[in-house]
Amino acid sequence: MLGYLVRRLLGMVPVLFGTTFLIFAAVYALPGDPLAALAGEKQNLSPAVRAELTQRYHLDASLPAQYWHYLSGLFHGDFGEDLRGIDVADQIARAWPITVVLALTAWTIMAVAGIGLGMLAARRPGGIGDRLVLGITTLALGVPFFVLAYVLKIALGLELGWFPTSGVREGWPSSYLLPAACLAAFGVPELARLTRAGILENRYAEFVDTAIARGLSPTRIAVRHVLRASLIPVVSVLGLSLGGMLGGVVLIEGIFSIPGLGYTMFNAIDQQNGPVIVGIGSLLVLVFLAINLLVDLTYGVLDPRVSLERRG
């Protein structure tokens, strides 16, 4: 177990450096002048101010030199300053809790709805519940979650007034439920179908026959044995979905004007504010790698037959 963990942590290092370099290179390649975008269309920077800002943020240096300067600060826990002189770490600290609450709320909705619908469909294959779940998931797969977000924002927020349409002033859960449900919608169909397929596959496995022979109750067999074994692929999807949600919040936070990481990055891209883009992007990559590691470690908890050492 310890050896597997060490190997995975060492394997994460080149992935982290590679992905952050790609993000940095993409920002470096953005067209336009970031200093002109900072000043605005109706203002011009004086040559002295432009020269000072260029030297301060190493804008005249090569890509490798800029990346090395960024890494040097990152090794000391310093995300640097953006082009307005505001500390990037402070911006992340303000936006991060909002994004975490939104992502975890969406993830919980997706897990409960996806697993619940999958269990409902697996009770009687071909029955009414199974057909209903198949219809719902098929419909959900055909509608992009950001289109659904606009429709529900207008229908449930503006027309009916059931939910706030922007910001997080009313706190959790009022301000988070609607955008979280829209964000969760893209993962529910896959989760429901995986759960259904897993239950149907494990229902007649040998370990179920053994549990029946031991005289265990049907409920205990269904929950402790069948459902537990069926959740292994589901856990993988849930883990990857949580990482994906942190990326999907860029659209959702933009639609609902939620001041989280996605909204901050969206504004930074519009303003060509490279340090903010790279800082948030690096953080999201690190979180995604950590989630993947946690998912792999969870396999062994759900199913003792899975050997982490053998998979490593």
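The values are calculated or read from the model by the stated rules, or taken from the named source; none is laboratory data. This is a predicted model, so every value here is computed, not measured. Positions of Cβ are generated from backbone atoms using ideal geometry, with glycine treated the same way; all protein chains shown enter the neighbour counts.
If you take the residues of the range 120-146 that are of a type in the set (Val, Ile, Thr) and loosely packed, with under 12 Cβ neighbours inside 10 Å, which of them is nearest to residue 222 (Cα to Cα)?
Restricting attention to the range 120-146, the residues satisfying the condition of being of a type in the set (Val, Ile, Thr) are 128, 133, 136-138, 143.
Retained after the next criterion (residues that are loosely packed, with under 12 Cβ neighbours inside 10 Å): 128, 138.
Values: 128: 21, 138: 27 Å.
This residue is 128.
Would the range 92-104 turn up any residue that is polar (S, T, N, Q), in contact (Cβ under 8 Å) with a residue 12 or more places away in the chain and within 30 Å of residue 279 (Cβ to Cβ)? Scanning the range 92-104 turns up at least one residue that is polar (S, T, N, Q), in contact (Cβ under 8 Å) with a residue 12 or more places away in the chain and within 30 Å of residue 279 (Cβ to Cβ). Please go through the range 47-85 and pick out each residue that is surrounded by fewer than 13 Cβ atoms within 10 Å (Cβ to Cβ) and either among the hydroxyl-bearing types (Ser, Thr, Tyr) or part of a loop (DSSP other than H, G, I, E, B) (or both). Listed by number, the residues that qualify are 60, 62, 72, 76, 77, 84, 85.
Look at residue 223 and say whether it is part of a helix (DSSP H, G or I), of a type in the set (A, V, I, L, M, F, W, C) and at pLDDT 70 or above.
Numbers: part of a helix (DSSP H, G or I): yes; of a type in the set (A, V, I, L, M, F, W, C): yes; at pLDDT 70 or above: no.
Considered against the rule, which asks whether it is part of a helix (DSSP H, G or I), of a type in the set (A, V, I, L, M, F, W, C) and at pLDDT 70 or above, residue 223 comes out as no.
Filtering the range 262-273 to residues that are aliphatic (A, V, I, L, M) and either farther than 25 Å from residue 164 by Cβ or exposed (fewer than 15 other Cβ atoms within 10 Å of the Cβ) (or both) leaves only 269.
Within the range 253-302, how many residues are part of a helix (DSSP H, G or I) and closer than 21 Å to residue 93 by Cβ? Working first, answer last.
Initial filter on the range 253-302 (part of a helix (DSSP H, G or I)): 253-255, 261-270, 274-302.
From the residues that got through so far, the ones that are closer than 21 Å to residue 93 by Cβ too are 253-254, 261-269, 274-291.
Qualifying residue count, the range 253-302: 29.
Being among the hydroxyl-bearing types (Ser, Thr, Tyr), in a loop (DSSP other than H, G, I, E, B) and out of contact with any strand residue (DSSP E or B) (no Cβ under 6 Å at 6 or more places or on another chain) is the requirement here; does residue 166 meet it? So residue 166 fits the description; yes.
Inside the range 248-261, residues that are buried (at least 24 other Cβ atoms within 10 Å of the Cβ) and modelled with pLDDT under 85 make up a count of 1. Listed conditions (1) over 18 Å from residue 22 (Cα atoms); (2) within 24 Å of the chain's Cα centre (by Cα); (3) at pLDDT below 85 are all met by residue 74, apart from (1). Remark: pairs (first residue in the range 121-148, outside the structural domain of residue 252 (by TED's automatic domain parsing) and in a helix (DSSP H, G or I); second residue modelled with pLDDT under 85 and surrounded by 12 or more Cβ atoms within 10 Å (Cβ to Cβ); Cβ separation under 7 Å; 6+ apart in sequence or on different chains) are absent. Among the numbered conditions (1) under 21 Å from residue 119 (Cα atoms); (2) in a helix (DSSP H, G or I), the only one that residue 204 does not meet is (2). Residues that are among the aliphatic types (A, V, I, L, M) and within 10 Å of residue 23 (Cα to Cα) within the range 265-279 comprise 277, 278, listed in sequence order.
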